[in-house]
Structure formats: structure tokens, C-alpha cells
Amino acid sequence: MQDEAEIIDDGADAVLDPRRVGRILAALENGDSARLAEQLDPLHPADIADFLEQIDGDDRAAFLRIWTGDAVGDVLSELDEGLREEVIGQLDPALLQAAVRELDTDDVVDLVEDLEDAQKTAILDALDVADRFAVEQALGYPEDSAGRLMQRDVVTAPEDWTVGQMIDFLRDHQDLPDQFYHVTLVDPRMVPVGNVTLGRMLSGRRNVPLADLAEETFFPIRATEPVENVAYAFNQYHLISTPVVDDGGRLVGVITIDDAMIVLSDANEEDILRLAGVGDASMSDDVMETVRVRLPWLAVNLGTAILASVVISLFDDVLAQVVALAVLMPIVASMGGNAGTQALTVAVRALATRDLTSSNLGRVIRREIAVGLVNGVAFAIVMGVIGWVWFGSAVIGAVLAAAMIANLLVAGLAGILVPVVLDRLRLDPALASGTFVTTVTDVMGFFAFLGLATWVLL
């Protein structure tokens, strides 16, 4: 008799929880394709992709040998790019070809753009002539551009049509996109001139011109526009979908909110990973791939640590005479590093969202100076008293307090200025800022504390 908890679980959930993962793995171990299908059917393709990313290579290979689900193409679209090529290489070619035929052209573009030529050709050969032409045309646009992101299927109407004409057209045509949010109005040269939401169209009377229902915000995007600018436009102007045009202004596709949000999500994830110095790391990466990503930045950090040690060595005389300084100096550097990271995180995000520009840079710098001074004074008082009580020396407490103020002030400035300078040099501020800010705060913290101590105590 089936366990009651399992009955409830099978009937009530459609999520990838630990119990379902266990049952999927059990089905794999037994080679039970029917049980595997039973466990996978309720899941969203994104959950199946998550499962493939969580398991090891052997389990993944076993899964792909017996998996014959209908959602193969959608799962491939959801997979991490680093794992997608491996999975495609292990799938049955007939299953793969059947799967890609069910995908929208923008999903096929996303699927093939990073594949080896042999795999790319196999997928393109599975498409019909029209879809293959659309995919190849999209691949002709620059990588990470709107042309790679757009869908080719657009619902359009002449700019002089009425609501009734449009509704009749939609009812008579069976080859419409599965999902669309706007009807795009075009002139005789196929230049988009406006967007009409389905809601406004369906609530309008049949004799009302579509042009009278067009949205006020209309923001066509060139096919060569970087995807970062596309995501910014969607976020800034609250777009749901927007037409994509060629260099002549003619309609070539449409970008929808779901695609733009994927770009925003990927950009946020990339910034977080790069701030930690791990680039495009993934949980599915093997040992050598993980080492390849992390080792260079660890080497850079080693170099900066050596630089900080060189600064300390300049003050070995005072350290030998006043042992308390060796105990206290990591506090100054640590506080500066944390303060710098706070300012850095805000600055990198503001640069990404274009909230930090030349026009407000001066005001932001003045704010960070004020914040650094206030925080510095607050912690200077606390650490000055601690240093005095701990080592019985008011002088050491005063030196610690002064160094704390100086380093927190420098940390705030470095956290803002370092990413701004890197951005002006067209370098990725998320990738390199953390290392430089940490170096500045460590060196400044040690130099200020030990320099003041040398001047006052010797």
C-alpha cells in the first residue's frame, strides 16, 4: 500500500522538493522510465532544468538515456549555458530535433548561439525553412544585441485599421504567436508607429480606429542595440513588449517582458558573481573549470595582500616596541574593507541601472565623504575608549580613533571612485572593483594607523 504522505505529496505538489528529487533518483537507479515520467510530468521545465543542474554527471547521463518527455526543448532553454552543451551532446538526435521544432525562434537562437558548429547545424537542420531563415538572420546580429533576443512573430495591423477589422483578422488566422501583448501598428513601409494593448482593443467599439487606442509610451528598439539597454528601457519605461527595427526603421521583430526580465536577472546574477571574483561560475562546473575561474583572482588578491604586508614592514620598528599595535591594526583594515564594500556595492548597482552619472557624481561623492566622517567618528569614539581601557594608554586609543576616521573616509571614497573610474575606462566595474577597493582600504588602514603611531609614540 502506498504511503499516505507520498499520496498527498504526489497529488498536491508540482515543485521540485527533496522528496520528489529522491523519487526521481530512485527511478533513475531502477531504469524505470514510466516512474520517471510520472514524477516529471507535474514539474515546470525550469524545475527539471534545476534538477539537471543539481545532480552529478553520472546521474545526468542516466537521466538523459531514459528521458522522453514533451518538454525537452523548454528544459534546454532553461538550462545554464555551461551545462546546455553537455546535455545536447547526450540527447538522442531524433528527440532533440523534435523538441526544437516546438520552440519559438528566439528560444532556438538562445539555444544554438553558443554551441559547436556540428551541434548548431544539427539543430538548424531540424527546423522548417522559414524558422531556419529567421534563426540564421537573428544569429547575424551582434551577440548580446536586441536582434538575438527578439521574437520574429509579430502581430501587426495597418495604422488605419479599426478595432472591428483587427478582431476579424485575429479570428480568421490560426498561425498567431502563442503569446502576445500588443498589436503593432505599421505604416505602408512596415515602419512601426504605435502599440495597442489587447485589453484596450477588446474593450473598444468596432468602429474605433486602432490609432486612437495606441499607448502613449512607444519605444522601438534597434536590432543592434545591446541587451543591457533593452532591459534598461523595459525597466525604466514599464514596457510590456516593444517592436524591434532594422537600420531603416522597418519592423523585424518584437521583444517581450519575459525576455527582458531574463536579461535583467542575468545581469544581476553576473554582477554578484563578479563582485566575488568568480565570473560566470555555476554549480554544475567541474573542478578544473571552477579552479580556472577562481584562481586568477585569488592570485590578484595574493598580490594585493603582499602589498599590504610591504606597508606593514615599513613600520617594523614601532611594531617591535609597541606590541599592542599588532593586535589592533587588523581592526582598522577590516572596518575600512567592510565600509568600502558597502559603498562599492551601491555604486556598481547604480552604474548598472544608470542612476550614477556625471551629473550626480559630485553629490554622491560629497554624501560618501559625510557618511565616512560620521561613521568614522562614531567608531573612533568606541574604539578609542576600547584601546585606552584595553592597553591602558590614551595615546594608543587616540591613534586608533584617528586611523579609524581616516580609513572609513577613504573607504567610502574608494567604493565610489574605483568603479566609476573603471567604468570610464570601459572596464567592468563589477569584476575588478572589489580587489582595488580592498587594496586601498588595507594599505590606507595600515599606513594611517602605523604612521600615526610612529609619529606619536617614537
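Read-outs throughout are calculated quantities, based only on the coordinates presented, and are distinct from any laboratory measurement. These numbers come from a predicted model, not from an experiment. Here Cβ is always computed from backbone atoms with ideal geometry, including for glycine, and neighbour counts include all displayed protein chains.
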- Query: Can you tell which of Gln174, Val437, Ile221 lies farthest toward the positive end of the dipole of the chain, using +1 and -1 charges on the Cβ of basic and acidic side chains (Lys, Arg; Asp, Glu)?
  - Reply: Val437
- Query: Once Lys and Arg get +1 and Asp and Glu get -1 on their Cβ, which of Ile24, Ala138, Gly89 lies farthest toward the positive end of the dipole of segment 15-140?
  - Reply: Ile24
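How would you rank Trp455, Trp161, going from fewest to most other Cβ atoms within 10 Å of each one's own Cβ?
So the ranking, lowest neighbour count to highest, is Trp455, Trp161.
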- In what order do Phe169, Phe447 fall by count of nearby beta-carbon atoms within 10 Å, going from fewest to most? Phe169, Phe447
- Query: Based on DSSP, what percent of beta bridges with both residues in the chain are antiparallel, to the nearest 5?
  - Reply: 70
- Query: Going by how many other beta carbons lie within 10 Å of each one, how would you line up Glu116, Glu368, fewest first?
  - Reply: Glu116, Glu368
- Surrounding charge for Glu143, neighbours by C-beta under 10 angstrom, Lys/Arg +1, Asp/Glu -1, total -2
- Message: Nothing charged except the Cβ atoms of Lys and Arg (+1) and of Asp and Glu (-1): what's the magnitude of the dipole of the chain about its Cα centre? Round to the nearest 20 debye.
- Response: 3000
- Dipole axis of the chain (+1 Lys, Arg; -1 Asp, Glu on Cβ), positive-most option in Met335, Leu302, Leu373: Leu373
